[in-house]
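Visitor: Provided herewith is a single structure, encoded as structure tokens, for subsequent inquiry.
The values are calculated or read from the model by the stated rules, or taken from the named source; none is laboratory data. Values in this document were obtained by computation on a predicted structure and should not be read as measured data. Cβ placement follows ideal geometry from the backbone for every residue including glycine, while neighbour counts extend to all protein chains displayed. Quick note on the areas: whole protein, heavy atoms, side chains included, nothing else; ligands and nucleic acids left out. Shrake-Rupley method; radii C 1.70, N 1.55, O 1.52, S 1.80 Å.
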Amino acid sequence: MDKVLTQQEIDAMVRAAREGGSAPPPEPVVTRWDHRQSGRLGPEQIASISILHSAFARNLTYSLGALLRTAFQVSMMSAEHMAFSEFLSGIPDVTYLVSCKLMPFKATGLIQLDLGIVFALIDLLLGGEGIGQPPQRDITEIEEQVVESAMNIVCRELQTSWQSLSLEFCFERRRHMNEVQQLMLPEERILCMTFEVIVKERRGTMGIAVPTVISSALLRKLSVARPQFHARPDSPDFPQRLRTLLLNCPFRFELGLNAATSSGELADLHPGKILTLNKGTGDPAILAVDDRAIFTAHLACHGNRRLAHIVAPSEQTTEKGPL
């Protein structure tokens, strides 16, 4: 943070410059520390959380879209640490709020969804169109049971995103505001993630809150895993690290004949028919990776395993250069 000089300090520096001397050193400035700033997410942590939960939003878009069989979209908006009381103050008085157990930490997380989105989900799950103005009332117990199927999918996708912690999101039940206030202390820090949800013509938000002790454990896991998968492309060792990682990647190999036959024979194919190819029995086959021919090889076997006895580089590889 840049220091702002007072008028007296500026005048002293000007006088010292005119007299050829040096200005007296400014007195140290003491600033009161705000303990509420403790635990704030840094830029790298926000980036890690955003990448992880952007993938969660995409997976939830596909999962709930398949269940509802209609246009459904979820996108991440923000992630921040805040006090539990701040989270509660931003929730409408009448909303859809559920709790879920976070095992094995034995902690509690909260999922909040706007009622307009909830009514659209209920309408679609019951065979409706999910359009029109939502009713100006709270949902009933029967409607709660209907929307639970969608919330179970939300918990399942969250569990998949947080699998590095082996964390289970177990759906509990809907909570009312007077119940939620007893779940955590008002000053307890939580990680709050906000998502935009679009269902047909309705647009709303979904909030997910977890205790900071769990989000901190996740960030530690991400920081440990990051050096293995996130290397700067301009770093000197990036090509070698990329080659090392690729050595463990599986690739599909195919060994086949590059043969031709007439369309009449293909049209007359049936079980038991013998198809004559324009290849000799001693001609090598083509060994291809991802539909790209790289070697010619003969078919061989070793016990119950099929082998490819490599003969020479393929002409296609020679023309295009090495892989």
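Visitor: For the stretch 88-159, which whole percent of the accessible surface, found with a 1.4 angstrom probe, sits on carbon and sulfur atoms? Kindly include the intermediate steps, with their values, before the conclusion.
Guide: On the way: 1710 of 3350 Å².
Solvent-exposed carbon and sulfur of the stretch 88-159 make up 51 percent of the total.
Visitor: Loop-only trypsin sites (Lys or Arg not before Pro) in the stretch 261-305, please: DSSP not H, G, I, E or B, and at most 10 other Cβ atoms within 10 Å.
Guide: Working: sites: K273, K279, R292, R305; in loops: K273, K279.
Listed in order of number, the matching sites are K273.
Visitor: Something else now. Mind listing the long-range amide H neighbours of E188? Cut-off is under 5 Å, sequence gap 5 or more, other chains count too, H placed in the peptide plane at 1.01 Å from N.
Guide: F84, S85
Visitor: Taking amide hydrogens as modeled 1.01 Å from N in the peptide plane, which residues meet the under 5 Å criterion relative to A107, leaving out close sequence neighbours?
Guide: Sorted by chain and number, the residues that satisfy this are L102.
Visitor: Does the stretch 99-180 come out rounded, prolate or oblate, given a ≥ b ≥ c as the square roots of the eigenvalues of its C-alpha gyration tensor, rounded meaning a/c under 1.5 and, failing that, prolate meaning a/b above b/c?
Guide: Prolate is the answer for the stretch 99-180, as a/c is 1.5 or above and a/b outweighs b/c.
Visitor: K200's amide H: which non-local residues (gap 5+, or another chain) put their own amide H closer than 5 Å, with H modeled 1.01 Å from N in plane and none for Pro or chain starts?
Guide: Amide H neighbours of K200: A71.
Visitor: I'd like the Karplus ³J(HN,Hα) series for the stretch 143-151: coefficients 6.51, -1.76, 1.60, θ = phi - 60°, whole numbers in Hz, and an x wherever there's a Gly or Pro.
Guide: My calculation for the stretch 143-151 gives 5, 4, 5, 5, 6, 4, 4, 5, 5 Hz in order.
Visitor: For the stretch 240-251, just list the computed ³J(HN,Hα) in residue order, Karplus coefficients 6.51, -1.76 and 1.60, θ = phi - 60°, integers in Hz, with x standing in for Gly and Pro.
Guide: 5, 5, 5, 4, 4, 5, 5, 4, 9, 8, x, 10
Visitor: Taking θ = phi - 60°, what integer Hz values does the Karplus form 6.51 cos²θ - 1.76 cosθ + 1.60 yield along the stretch 107-122, in sequence order, with x for Gly and Pro?
Guide: Values, residue by residue: 9, 10, x, 10, 10, 10, 9, 4, 5, x, 5, 4, 5, 5, 4, 4 Hz.
Visitor: If you don't mind, there's one more thing I want to ask. In terms of the Cα gyration tensor, with a ≥ b ≥ c the square roots of its eigenvalues, is the stretch 73-115 rounded because a/c is under 1.5, prolate because a/b exceeds b/c, or oblate?
Guide: Here the stretch 73-115 falls in the rounded category.
Visitor: In what sequence, largest accessible area first, do D123, D93 appear using a 1.4 Å probe?
Guide: Final ranking, largest accessible area leading: D93, D123.
Visitor: For the stretch 170-215, which GluC sites (Glu not before Pro) are in a loop by DSSP, counting at most 12 other Cβ atoms within 10 Å?
Guide: E187, E201
Visitor: Using a probe radius of 1.4 Å on heavy atoms only, what accessible surface per residue do you get for the stretch 113-178? Whole Å² is fine.
Guide: Counting only protein heavy atoms, the per-residue value for the stretch 113-178 is 51 Å².
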